[in-house]
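Derivation of every value follows stated rules applied to the coordinates shown; laboratory data play no part. Small disclaimer: the values here were computed from a predicted structure and weren't measured. Cβ coordinates were reconstructed from backbone atoms using ideal geometry, including for glycine residues, and neighbour counts include every protein chain displayed.
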Amino acid sequence: MTGQDELQIGIIGAGSMGRTHARRYADVGGCLVVAVCDPTTTTAEALADDVAERTGARPKVYADLGSLLAAEKLDAISVCTPPNDHATAAASALERGVAVLCEKPPTRTGAELDTLAARIGPDPMLQFGMCHVFHPGVQQANDLLTSGRLGDVVHLNVRFAHRFDGLQDSWFADPEIAGGGIMLDTLVHSVSIVRVLVGEPRAVSAFTHTAIPGIRVEDSAVVSLQTDSGTVATMQASWATPPGSAMVDIYGTKGQAVIEYGQPALRYRIGTKQQWRHGEQQSETRSAAGDRYHGQAHSFLTAVRSGHVSDNTITDAQAVMRVLDAAYASAQAGGGAVVLGG
Ligand SMILES: NC(=O)c1ccc[n+]([C@@H]2O[C@H](COP(=O)([O-])OP(=O)(O)OC[C@H]3O[C@@H](n4cnc5c(N)ncnc54)[C@H](O)[C@@H]3O)[C@@H](O)[C@H]2O)c1
């Protein structure tokens with residue numbers, strides 16, 4: 001900590017997610033974005049202007065992380081750069097005692113994340129951006145499952161799909177930068193949701209497809225997995241299917257719950273009844289503002305103050321990356337099941 005009341009924050013990568021992180025820090029409060037960094041000066045300046053407009057204090061602008069870390073005394077940074085930069089940026093900050101909230105996917109491969117874990121040691125002040133675990137509907141589903149009202153989960157289905165206009169010209173379609181296509185980019189969230197709701201996956205099978213011409217990564221994927229408890233989850237994701245959909249459908253031995261992103265609350269029904277009920281937010285410390293990025297910022301700032309990360313830790317990230325590595329191995333081998341740890 002700097003000794004000042006407000007945590008001093010830096011934003012690394014001033015694009016779309018850099019802006020989202022900066023705005024949520026301002027919303028949650030108790031912190032100030034004092035530095036932003038991006039090699040594209042206009043992008044960095046635009047984010048600095050946005051922060052100034054919202055907080056009244058303009059952060060300093062840097063072109064690279066090394067200069068920023070040398071000049072600033074920070075409590076924490078958000079790493080909002082493309083995936084090829086995540087491990088290096090996170091390690092550089094952590095080695096200077098600066099806590100890190102690193103966007104997803106954690107790294108391009110599980111091996112890259114394991115190398116980072118070995119470099120930074122146990123219990124690092126490092127949280128990853130698998131933000132859907134903070135989505136209000138996912139948190140309500142967790143409450144519902146914990147209460148036992150849905151019974152044991154038999155299967156669940158997670159679907160995230162939309163059309164990604166301009167994908168061809170984006171770093172998201174460059175495997176050297178992104179590490180993979182939608183299976184890495186988006187199913188990182190789906191696997192996190194499955195883990196938080198029904199536990200650790202033990203076997204995975206996957207199929208991928210590229211529907212958009214001229215793309216070097218998969219733009220569509222279907223993954224099935226079975227958890228240690230026997231629950232089966234299916235996950236679909238696509239960048240090629242308008243109109244978009246984002247939903248989680250959970251079937252238990254006593255009832256069903258549906259999370260539809262964009263709706264204010266989860267809905268569920270018990271037994272054979274057709275009548276739907278709605279989930280409730282049960283704690284104001286959770287994503288009370290109705291937004292997963294708000295919940296994530298709150299969790300991370302709490303972790304920085306307490307000196308301990310408890311959500312989306314590096315251990316969680318390694319577990320998710322093992323599943324995604326196995327999904328790629330399965331897809332490359334034609335879709336057969338890969339047993340984790342087997
Ligand atoms: N959690 C989510 O819901 C979510 C949504 C979208 C993207 N993301 C993730 O957030 C990260 C950023 O994605 P985005 O959509 O903001 O991309 P973006 O292209 O909008 O922004 C990335 C920015 O990083 C900058 N940059 C590149 N290398 C840098 C470096 N070494 N140092 C500093 N800045 C650098 C680029 O100039 C660019 O401005 C990615 O990992 C992406 O997968 C997460």
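What the table below lists for this structure:
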quantity: Protection proxy ranking of 97-109, 79-91 - average other beta-carbon atoms within 10 Å, highest first; calculated: 97-109, 79-91
quantity: Rounded to the nearest 20 debye, dipole of the chain from Cβ charges on Lys, Arg, Asp, Glu; calculated: 980 debye
quantity: Summed residue charge, Cβ within 9 Å of residue 182's Cβ, Lys/Arg positive, Asp/Glu negative; calculated: -3
quantity: Listed residues 63, 173, 297, most fluctuating in the chain (Gaussian network, C-alpha, under 10 Å); calculated: 63
quantity: Estimated distance in nm for a label pair at residue 256 and residue 41, the labels positioned 7 Å out from Cα along Cα-to-Cβ; calculated: 5.8 nm
quantity: Convex hull of Cα atoms in the range 1-64, direction-averaged projection (nm²); calculated: 3.9 nm²
quantity: Mean ellipticity per residue at 222 nm, deg cm²/dmol - from DSSP H runs of n ≥ 4 across the chain, formula -39500 (n - 2.57); calculated: -10500 deg cm²/dmol
quantity: Summed residue charge, Cβ within 14 Å of residue 166's Cβ, Lys/Arg positive, Asp/Glu negative; calculated: -3
quantity: Packing rank of 270-277, 158-165, 17-24, where each peptide gets the mean count of other beta carbons within 10 Å, highest leading; calculated: 17-24, 158-165, 270-277
quantity: Of 109, 270, 258, farthest towards positive along the dipole that unit charges on Lys, Arg, Asp, Glu beta carbons give the chain; calculated: 270
quantity: Positive-end residue of 248, 223, 80, charge dipole of the chain with Cβ unit charges; calculated: 248
quantity: Percentage relative contact order, the range 1-110, counting C-alpha pairs under 8 Å, at least six apart; calculated: 28 percent
quantity: For the range 1-150: rounded, prolate or oblate by the Cα gyration tensor [a/c cutoff 1.5]; calculated: oblate
quantity: Dimensions (Å) - the range 187-301, Cα atoms, principal axes, largest first; calculated: 46, 37, 29
quantity: Computed FRET value (nearest 0.05) for residue 277 with residue 165, which takes r as the C-beta separation and R₀ as 41 Å; calculated: 0.65
quantity: Simple spin-label estimate for residue 5 and residue 267 in nanometres, 7 Å along Cα-Cβ; calculated: 4.5 nm
